Amino acid sequence: MINNLRVKLLGSFFLVVAIAVGTIAYIASMAAVTQFDRYVSQDQAERYQRLALTYTNYFRYSGGWDEVSTLTDKVAEMYSERVVLTDPDGIVISDTTGELTGKQISENWSNKKIGLNQGEYSIGRMYIKTQERSELQKAFLGSVNKSVITGAIIAGLAGIVLAALFSRNIVNPVLNLTKATKKMQEGDLDQRVEITTNDEIGALSRAFNSLANRLKQQKQLREEMVSDVAHELRNPMSNIQGYLEGLKEGMIEPSEEVFQSLHQQSLVLNRLINDLRDVNKAKVGKLDLEKKQIVLEDVVSNAVKSVGNRAREKGVTINLHLPDSTLVTADPERISQVVRNLLDNALIHTREGGKVTIHLNSEDGEAVMDVIDTGIGIPPEDQQRIFDRFYRVDKSRSRGTGGSGLGLTIAKEIVEAHEGSISVKSKAGAGSVFTVKLPTIDDFSE
Ligand code: ADP
């Protein structure tokens, strides 16, 4: 029970409301009583001074205290307090109750005592005993207290109702989050929570939703990857299996051509496996780049040399437009892999007599390399997707060329791991331009 968030919140709210309302009610009531008493005693002091003056005037006009009891009787009618008049020695001359008349009064009979003087001479003393609060005064204070208590109860109840609403607003999203997390833990990745506020709980809900999205995406990717890989392996594997079965049953003669074909299929498998390993490494950020300062032109020239024969055989010319020395910090092997992949693709998709041009340029701290071909081009709808895993524009044709559909995926991962970018512009039937941008450095000595 005590571990329940709602109970904890309500308990804390209740305590805060009770303490706040109780303190305010107490202070308000005390202030009312104090102010009231102050007003009453100020009023009394003025009245008692007037009464003292009345007695003094009586003494002056009568020449003494004779018959003063008639005045005291009137005072008894008008005042609710008890008033005792004594001579300077404390012998009671008159008393509003008549009780003490003729007796000696004790000094501390009342703390309200006014000396009566005529000129410099003392003519007597007046003692007043105030009553406790009158019924009227008690009723007034009672009604003030009643109002304060009623106000406190109303404020307290309103506070508790509001606290219950607030705690519901806080607790409900937390409960929803807990429920969704539990379901997600059981494998249901479609769980999302409603975002109702813009505060920390809203931010938590948003973070939960994006985490759920990520998890779902990753699960999808994993599933797709497994099915893609299985699909890609099936072709070369069934080719190899077909040949081997044919050979075993004596249906196919073991010729050089057959072994060449088997070898070709095993190369396709090998390339697929290597590419898959690269994609996987790149996805988890473990391409193990050995970055150093390199001259980009050297890497490009070497890559061009490696495809030289193939270009000649196909009757495609390769033109180079390279400036002197473009310095980049990069892994030469990986950058060479990117350039070779772009050249391979350009050669594969360019017909005899076509041209492949590499154009390298530095601008604004960036090396910009364009690989331009006059090949078959890429339809607009495929241009972004060719960087996706296993995506091929013409599947049967590309498989025939031994392409894994992973080359551009790996190229993109490598370039991005060097803080660069890769993009394509192409026109179906006219050719394609692949642009790689890499950050450059100014000086070797750095
Ligand atoms: P693959 O190993 O199949 O070449 P890539 O990832 O390198 O895989 O390329 C993906 C697809 O993009 C290719 O199958 C091809 O359809 C298309 N493509 C790539 N480069 C070019 C190009 N220069 N001209 C036309 N199509 C291209």
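Rule-based calculations on the coordinates, nothing more; no lab input. Worth saying up front: this structure is predicted, and the values here are computed from it rather than measured. Because the Cβ atoms are built from the backbone with ideal geometry, glycine has one as well, and the counts that use them run over all protein chains shown.
Please give the FRET efficiency for ASN309 paired with HIS263, using the beta carbon to beta carbon distance and R0 = 25 Å, rounded to the nearest 0.05. Spell out each step's value before the answer.
Numbers: r = 19 Å, r/R0 = 0.76.
E(calc), rounded to 0.05, equals 0.85.
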Worksheet item: Using helices alone, what [θ] at 222 nm do you get for the chain, with -39,500 (n - 2.57) per DSSP H run of 4 or more residues, divided over all residues and rounded to the nearest 500?
Response: -20000 deg cm²/dmol
Practice prompt. Quick one: compute the contact order of the chain, relative version, from alpha carbon pairs under 8 angstrom and 6+ residues apart, as a percent.
Written response: 10 percent
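Go through segment 72-146 and name the GluC sites (Glu not before Pro) that are in a DSSP coil and have 14 or fewer other Cβ atoms within 10 Å of their Cβ.
On the way: sites: GLU77, GLU81, GLU99, GLU107, GLU120, GLU132, GLU135; in loops: GLU81, GLU99, GLU120, GLU132.
Within segment 72-146, the qualifying GluC sites (Glu not before Pro) (loop, at most 14 other Cβ atoms within 10 Å) are GLU99, GLU120, GLU132.
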Worksheet item: So what's the projected area for segment 292-439, the Cα convex hull averaged over all directions, in nm²?
Response: 8.1 nm²
Worksheet item: Can you flag which of LYS216/LYS425; LYS216/LYS286; LYS113/LYS138 are past 29 Å Cα-Cα?
Response: LYS216/LYS425
Practice prompt. Give me the number: length gained by fully extending GLN118 to THR196, i.e. 0.36 nm times residue separation minus the C-alpha to C-alpha distance, one decimal in nm.
Written response: 19.6 nm
Practice prompt. Figure the gain on full extension for GLU77 and LYS291 (residue separation times 0.36 nm, minus the Cα-Cα span) and round it to one decimal in nm.
Written response: 65.8 nm
Worksheet item: Just ALA212, ALA411, ALA45 to compare: in a GNM of the chain, with alpha carbon springs under 10 Å, which one fluctuates most?
Response: ALA45
Item to complete: Can you tell me the 0 to 90 degree angle between the C-alpha axis of helix 296-314 and the longest principal axis of the chain, rounded to 10?
Response: 40 degrees
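Is the C-alpha gyration tensor of the chain telling us rounded, prolate or oblate? Criteria: a/c under 1.5 is rounded; beyond that, a/b larger than b/c is prolate, otherwise oblate. Write out the running numbers ahead of the final one.
Details: a/c = 7.16, a/b = 3.96, b/c = 1.81.
It comes out prolate by the Cα gyration axes.
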Worksheet item: Where is the GNM fluctuation largest for the chain (alpha-carbon springs, 10 angstrom cutoff): ASN169, ASN111, ASN345?
Response: ASN111
